[in-house]
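Enquirer: Before anything else, here's the structure in question.
Bear in mind that the values in this text are calculations on the coordinates, not laboratory data. Just so you know, these numbers come straight off a predicted model, no measurement behind them. FYI the Cβ positions are ideal-geometry reconstructions off the backbone, even for glycines, and counts take in every protein chain you see.
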Amino acid sequence: MTVDTWLENALRDADRRQLPALRPLLEALARSTRLLRAADWNVDASDRTAPPTGHAR
Amino acid sequence: MHAEPKTLADLSRALEDRAITSEEATERCLSRIAERNPAINAFITVLADEATAQARGADREIAGGRRRGPLHGVPISVKDLIDLRGTPTTAASRVRQGHIARQDATVIGRLRTAGAVFIGKTNLHEFALGTTNEDSAYGPVRHPLDDSRSPGGSSGGSAASVLDGMAFASVGTDTGGSIRIPSAACGLVGLKPTIGDLPTDGIVPLSATLDHVGPICLTVEDTTLLYGAMRGVLKPEYPPLRDVRGLRFGVPRPYFFDLLDTEVAARFEDACGRLRSAGAILEDVLIPHTAEIATIYLHVALPEAASCHAATLESQPDDYTTNVRLRLEMGRYILAEDYVRARRGQEVLTQEVKDALAGRDCLLLPSLPIPATRLGEPMVRIGESEEPVRNVTLRLTQLFNITGHPAISVPCGRTTGGLPVGAQLVGARYRTADLLQVAAAVERTLEHS
């Protein structure tokens, strides 16, 4: 699931549960998740992702 | 003849010499609690009768030549997240109303065996999920040096109780910095041992892979004694003092120094200068993936916390404070695949901290980027930047929960306004005792230079 799709679903669910105050937190979480998914240690089944280098990026 | 003992070690020696009784020491703490707790709100439960009975029992044993060790007869406080048999563990939440602990947490059982006197249970940020204690069903803890400020959290009541003389030491917990943050904000010594070093059973969990329990004290010597007793060593030895001359410190500047209050930065650099003057070797080191620390922490801590709270979030959502409920709800939306990515990142960072420590005695960095914050202000200005207090306060400590390395905060001066600043020392995993020995050398150098 892409972060965009995840966020769309999560916001819809928060609205359904009448938790509008959760919206800004979920949007912040989505930004954080994008950063996590961009990290160079992640494994990609296509093997196109470089392994961790141990060097600053 | 002993002067009135201030530290745990002083009291312990005075008790051994029969210069004071445990009952007298306990009564002093209880009097201080009666005088100060209405303003500071450090305690949720005060165990006056139980503590007095324990103290009298300790006095009888000591008088009979059956002193168990340095903790025998010493009044200490316990964060109200930790089970003490027969008393409520509120976690500062209405969710826990009616709870009574059936047995002691393992570390409390060890302290009971060591003869410690439990003076009371201290206030905290609800379920330890926050760094100011403002979200507590029992109201905020106030800083003993300035009651408009927070003493830091989540073990805020523990730190306030020690700073204000209501207990000789305290047992706190640390999932992202909850021992080291209030210790730094209050000018105390706070130790987060190596992950798994001290058992966390009998402690309300926040995040199973990040939770630690440890001591908050006035000095490194006190911390060493309490940590030893928490490990189950009845008569822990205080290690021989060493000099900082020749000790090697790695200073990780990128990221950790990017967002610091100017006075905190100045006090820390002063401390570095004094250590260098005393013969310590300070070298800059790099931890490559610091940019991902916060996202790894978030994606591990929140789903683990949510897993513990899922049932009560459904059955009694209104019993949580609003902010804590919302943060726990965030955790319920994190996908398993992202949790796994974060766990992999945890391994990468653990190796990087290990690499930074190679050939060095420890890492040295500030504990807390800002002095104690004002209650009711969720944002803080650092230079030109306006930042959320929560993110800033966790910034320098949470890495070592992720990696499990032992870390200790020691005092390193005060701002011009008199607020304490802390320096953090980080040692090799499973070498907590070595870290304490280095911390004692640093403490002595910073006190006397």
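Enquirer: Determine the dipole magnitude for region B:343-441: charges of +1 sit on the beta-carbon of Lys and Arg, -1 on that of Asp and Glu, nothing else is charged, the reference point is the Cα centre, and the result goes in debye to the nearest 20. Before the final figure, lay out each step's value.
Expert: Values: 11 positive and 9 negative charges, 42 e Å.
Using only the charged Cβ atoms, the result is roughly 200 debye.
Enquirer: Something else now. When A:VAL43, B:VAL300 are ordered from fewest to most other Cβ atoms inside 10 Å of their Cβ, what list results? Mind showing how you got there, number by number?
Expert: Details: A:VAL43 10, B:VAL300 24.
Listed from fewest to most nearby Cβ atoms, that is A:VAL43, B:VAL300.
Enquirer: Something else: Order of B:ILE119, B:ILE382 from fewest to most other C-beta atoms within 10 Å?
Expert: Working: B:ILE119 31, B:ILE382 16.
With the sparsest Cβ surroundings first, the list reads B:ILE382, B:ILE119.
Enquirer: In whole Hz, with x marking every Gly and Pro, tabulate ³J(HN,Hα) for region B:311-320 from phi via Karplus 6.51 cos²θ - 1.76 cosθ + 1.60, θ = phi - 60°.
Expert: For region B:311-320, the Karplus curve yields 5, 6, 5, 7, 8, 9, x, 6, 7, 8 Hz.
Enquirer: Express in % the proportion of alpha carbon pairs of region B:324-428 at distances exceeding 22 Å. Spell out each step's value before the answer.
Expert: On the way: 2618 of 5460 pairs.
Tail of the P(r) past 22 Å holds 48 percent of the pairs.
Enquirer: Still on this structure, please answer the following. Quick one: in region B:401-444, what % of C-alpha pairs are over 14 Å apart?
Expert: In whole percent, the long-distance tail amounts to 52.
Enquirer: Show that you can apply the helix-only estimate: for chain B, add -39,500 (n - 2.57) for every DSSP H stretch of four or more residues, divide by all residues, and state [θ] at 222 nm to the nearest 500.
Expert: -12500 deg cm²/dmol
Enquirer: Share of antiparallel DSSP beta bridges in chain B, in percent to the nearest 5?
Expert: Restricted to chain B, the bridges split so that about 70 percent are antiparallel.
Enquirer: Suppose we take every Cα in region B:113-189 and form the convex hull; what volume per residue is that in Å³?
Expert: 92
Enquirer: Choose one of A:ALA45, B:PHE118, B:HIS212: the residue whose Cα lies farthest towards the positive end of the charge dipole of the protein assembly as shown (beta-carbon charges +1 Lys, Arg; -1 Asp, Glu; about the Cα centre).
Expert: Projecting each Cα onto the dipole axis, the largest value belongs to B:PHE118.
Enquirer: Given H placed on each backbone N at 1.01 Å, which residues far from B:LEU282 in sequence or on other chains put an amide H within less than 5 Å of it?
Expert: Excluding prolines and chain starts, which carry no amide H, the hits are B:PHE249.
Enquirer: Once the cut-off is 28 Å, how many percent of the Cα-Cα pairs in region B:183-341 end up in the long-distance tail?
Expert: Looking at region B:183-341, the distances longer than 28 Å represent 44 percent of pairs.
Enquirer: Moving on to the next point. Rounded to two decimal places and with Rh computed the Kirkwood way over Cα pairs, what is Rg over Rh for region B:277-321?
Expert: 1.39
Enquirer: Can you give the % of DSSP beta bridges in the protein assembly as shown that are antiparallel, to the nearest 5? Write down the numbers at each step before the final one.
Expert: Values: 30 of 44 bridges.
Once the DSSP bridges in the protein assembly as shown are tallied, antiparallel ones form about 70 percent.
Enquirer: Which value, to two decimals, describes the C-alpha radius of gyration of chain B once divided by 2.2 N^0.38 Å?
Expert: Against the compact-globule rule of thumb, the ratio is 0.92.
Enquirer: Another one. Could you tell me which of B:VAL233, B:ALA294, A:MET1 has its Cα farthest along the dipole of the protein assembly as shown towards the positive end, charges placed at Cβ (Lys, Arg +1; Asp, Glu -1), taken about the Cα centre?
Expert: Positive-end residue among those listed: B:VAL233.
Enquirer: Hey, another quick one. Using a 10 Å cut-off around each Cβ of peptide A:31-38, what is the average number of partner chain Cβ atoms that fall inside?
Expert: 6
Enquirer: So what's the protein assembly as shown giving for Cα Rg divided by 2.2 N^0.38 Å, two decimals?
Expert: On the way: Rg = 22.3 Å, N = 506, 2.2 N^0.38 = 23.4 Å.
With N residues counted in the protein assembly as shown, Rg over 2.2 N^0.38 Å equals 0.95.
Enquirer: Using the C-alpha atoms of region B:1-101, what convex hull volume per residue, in cubic angstrom, is computed?
Expert: 107
Enquirer: Would you list B:VAL244, B:VAL107, B:VAL233, B:VAL380 from fewest to most Cβ contacts within 10 Å?
Expert: Least crowded to most crowded, the residues run B:VAL233, B:VAL380, B:VAL244, B:VAL107.
Enquirer: Only Lys, Arg, Asp and Glu count, each charged at its Cβ (+1, +1, -1, -1), so figure out the dipole size of region B:11-160 about its Cα centre, rounded to 20 debye.
Expert: 420
Enquirer: What is the distance in Å between the Cα centres of region B:71-138 and region A:18-46?
Expert: Taking the Cα centre of each part, region B:71-138 and region A:18-46 sit 35 Å apart.
Enquirer: Same structure again: Place a +1 charge on the Cβ of each Lys and Arg in chain B and a -1 charge on the Cβ of each Asp and Glu, then give the dipole magnitude about the Cα centre in debye, rounded to the nearest 20. Each step should come with its number before you reach the end.
Expert: Details: 48 positive and 55 negative charges, 179 e Å.
The dipole of chain B has a size of about 860 debye.
Enquirer: Starting from the Cα gyration tensor of region B:24-163, multiply each eigenvalue by 5, take the square root, and state the resulting semi-axes largest first in whole Å. Intermediate results must be reported in sequence, preceding the final value.
Expert: Working: eigenvalues 140, 60, 27 Å².
For region B:24-163, the semi-axes come out at 27, 17, 12 Å.
Enquirer: Apply the Karplus parameterisation 6.51 cos²θ - 1.76 cosθ + 1.60, with θ equal to phi minus 60°, to every residue of region B:279-293 and state each ³J(HN,Hα) to the nearest whole Hz, in sequence, with x for glycine and proline.
Expert: In residue order, the calculated couplings are x, 6, 10, 10, 10, 5, 10, 10, 10, x, 9, 4, 4, 9, 4 Hz.
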